[in-house]
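Peer 1: The following block contains the structure, expressed as structure tokens.
The values are calculated or read from the model by the stated rules, or taken from the named source; none is laboratory data. Because the structure is a prediction, the values reported are computed rather than measured. Virtual Cβ from ideal backbone geometry, glycine too; neighbours counted across all protein chains shown. The accessibility values were calculated without ligands, DNA or RNA, using every heavy atom of the protein model including side chains. Shrake-Rupley method; radii C 1.70, N 1.55, O 1.52, S 1.80 Å.
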Amino acid sequence: MNTLMFFNKKNRHLHLLLTSVLLMPVAEAIAQSNALQSGDILVSEILFNPLPSGADYVELYNNTDSAIALAQLRLAKVSEESITRLYPIADGGTIQPHDFIVVTTDASYVSSNYTVRHPQKLIEVSSMPSYNNASGTVMVTTTDTLVLDRFDYTEDMHSRLLRDKEGVALERRSYASPTQDAANWYSAATTAGYGTPTYRNSQSHEFLFLDKEFTFSPKVFSPDGDGYNDLLDLTYNLQLCDLSANISVYDSHGRLVRSIGRGVLLGCSGIMTWDGTNDDGRQCPRGSYIIIIEAYNTNGASQSWRRSISLVRQ
């Protein structure tokens with residue numbers, strides 16, 4: 001079997017990468033692994049648009065009750081749905097149960113520009129995939145290319161309230177919700193310094209679904225980027241899984257200010273969010289708003305929900 005020798009100058013170690021896995025289609029790369037299963041390691045946070053002369057970072061989360069050896073993990077470079085290179089994270093050490101590690105090529109930059117509460121969880125590597133500012137793919141695999149998690153991001157996932165997205169990390173909100181759900185990601189809070197490497201995400205929120213009902217949380221929300229009640233969550237868990245819906249926000253005068261969804265296929269459960277902006281991307285003023293959900297099936301039967309919420313600003 002052909003091998004490629006990779007020299008890490010910082011740690012003075014030689015790493016062996018199997019060239020037989022390079023250029024392997026992503027769909028075929030989801031193979032069997034004796035040690036880990038898909039979903040055991042999750043992408044938790046990514047900085048893909050650092051400040052000038054800065055560096056990207058990726059935060060990973062151990063979604064299991066056991067410690068996982070870092071030597072098993074790789075960050076994968078993906079091109080046209082193929083894995084073209086695997087990047088080792090570390091020769092030794094572990095990521096503890098329900099804990100984090102952060103991988104970057106410049107630990108000094110990360111420590112200087114963000115609060116790093118647990119420096120021992122910040123790992124500097126000589127090289128890692130480069131992440132495009134507009135869109136890209138973060139993939140973590142095992143050494144034998146079992147895909148543990150994949151996140152296809154775009155800069156549009158950031159808050160529409162941000163004037164400048166440079167230097168702002170994108171945070172996962174829940175480890176129970178799918179990685180590829182765009183509603184599961186949001187910009188790190190201003191009060192957290194726009195990133196939370198090595199510790200709990202500022203926008204972390206575990207979703208609660210109630211049967212046969214849409215729920216709104218919080219009842220009063222303040223979309224000001226401080227990490228507290230920045231988003232209004234519309235969560236649902238339905239017995240019928242073939243419903244579509246129109247979801248609209250009206251002000252106290254009955255004027256439509258935001259169409260959150262038109263003809264959206266709901267599925268059995270999920271979440272949608274409102275960030276307090278109108279359809280033009282401008283901030284809505286403080287006040288009371290009405291959210292109307294009109295759900296219907298292919299037979300024409302329909303049901304509607306109507307809720308009042310309050311938007312406040314400091």
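Peer 1: Applying the selection to region 37-54, what residues are open to solvent by less than 10 Å² (accessible area, probe 1.4 Å) and among the small types (G, A, S)?
Peer 2: Hit for region 37-54 is S44, nothing else.
Peer 1: R85 is checked against (1) at pLDDT below 95; (2) assigned to a strand (DSSP E or B) and fails just one. What number does that condition carry?
Peer 2: Of the numbered conditions (1) at pLDDT below 95; (2) assigned to a strand (DSSP E or B), the odd one out for R85 is (1).
Peer 1: So, one more: Within region 111-132, is even one residue under 25 Å from I89 (Cα atoms), among the aliphatic types (A, V, I, L, M), assigned to a helix (DSSP H, G or I) and open to solvent by less than 20 Å² (accessible area, probe 1.4 Å)? Write out each step before concluding.
Peer 2: We begin by selecting, within region 111-132, every residue under 25 Å from I89 (Cα atoms); these are 111-132.
Retained after the next criterion (residues that are among the aliphatic types (A, V, I, L, M)): 116, 122-123, 125, 128.
Filter once more, so that each one left must be assigned to a helix (DSSP H, G or I): none.
No; the residues of region 111-132 include none that is under 25 Å from I89 (Cα atoms), among the aliphatic types (A, V, I, L, M), assigned to a helix (DSSP H, G or I) and open to solvent by less than 20 Å² (accessible area, probe 1.4 Å).
Peer 1: Looking only at region 133-149, filter to residues that are open to solvent by less than 10 Å² (accessible area, probe 1.4 Å) and hydroxyl-bearing (S, T, Y); which one of those is nearest to F48 (Cα to Cα)?
Peer 2: T141
Peer 1: Something else about it: So for region 297-312 (the condition being assigned to a loop (DSSP other than H, G, I, E, B), free of Cβ contacts under 8 Å to residues at least 24 places away in the same chain, of a type in the set (A, V, I, L, M) and farther than 26 Å from A176 by Cα), does at least one residue qualify? Talk me through it step by step, then tell me what you get.
Peer 2: So in region 297-312, the residues assigned to a loop (DSSP other than H, G, I, E, B) come out as 297-301, 312.
From what is left, the residues that are free of Cβ contacts under 8 Å to residues at least 24 places away in the same chain are 299-301.
With of a type in the set (A, V, I, L, M) added as a condition, the list becomes 301.
If we keep only those that are farther than 26 Å from A176 by Cα too, we end up with 301.
So far as region 297-312 goes, yes, one or more of its residues are assigned to a loop (DSSP other than H, G, I, E, B), free of Cβ contacts under 8 Å to residues at least 24 places away in the same chain, of a type in the set (A, V, I, L, M) and farther than 26 Å from A176 by Cα.
Peer 1: Okay, moving on. For L265, state whether it is surrounded by 15 or more Cβ atoms within 10 Å (Cβ to Cβ), at negative phi, at pLDDT below 90 and aliphatic (A, V, I, L, M).
Peer 2: Details: surrounded by 15 or more Cβ atoms within 10 Å (Cβ to Cβ): no; at negative phi: yes; at pLDDT below 90: yes; aliphatic (A, V, I, L, M): yes.
So L265 fails the test.
Peer 1: Okay, moving on. Being in contact with a helix residue (DSSP H, G or I) (Cβ under 9 Å, 6 or more places away or on another chain) and touching a residue at least 60 places away in the same chain (Cβ under 8 Å) is true for just one of A35, A134, A55. Which residue is that? Break it down into steps so the answer makes sense when it comes.
Peer 2: Numbers: A134 fails: touching a residue at least 60 places away in the same chain (Cβ under 8 Å); A55 fails: touching a residue at least 60 places away in the same chain (Cβ under 8 Å).
Going through A35, A134, A55 in turn, just one is in contact with a helix residue (DSSP H, G or I) (Cβ under 9 Å, 6 or more places away or on another chain) and touching a residue at least 60 places away in the same chain (Cβ under 8 Å): A35.
Peer 1: Do you know which residues across region 68-105 are among the polar types (S, T, N, Q), surrounded by fewer than 16 Cβ atoms within 10 Å (Cβ to Cβ) and in contact with a Leu (Cβ under 8 Å, 6 or more places away or on another chain)?
Peer 2: T84
Peer 1: Kindly check whether there is at least one residue in region 170-178 that is surrounded by 14 or more Cβ atoms within 10 Å (Cβ to Cβ), aromatic (F, W, Y), farther than 28 Å from C284 by Cβ and modelled with pLDDT under 95.
Peer 2: Going residue by residue through region 170-178, those that are surrounded by 14 or more Cβ atoms within 10 Å (Cβ to Cβ) are 170-175, 177.
Going one step further and asking which of them are aromatic (F, W, Y), we end up with 175.
Keeping just the survivors that are farther than 28 Å from C284 by Cβ gives 175.
Filter once more, keeping what is modelled with pLDDT under 95: 175.
Yes.
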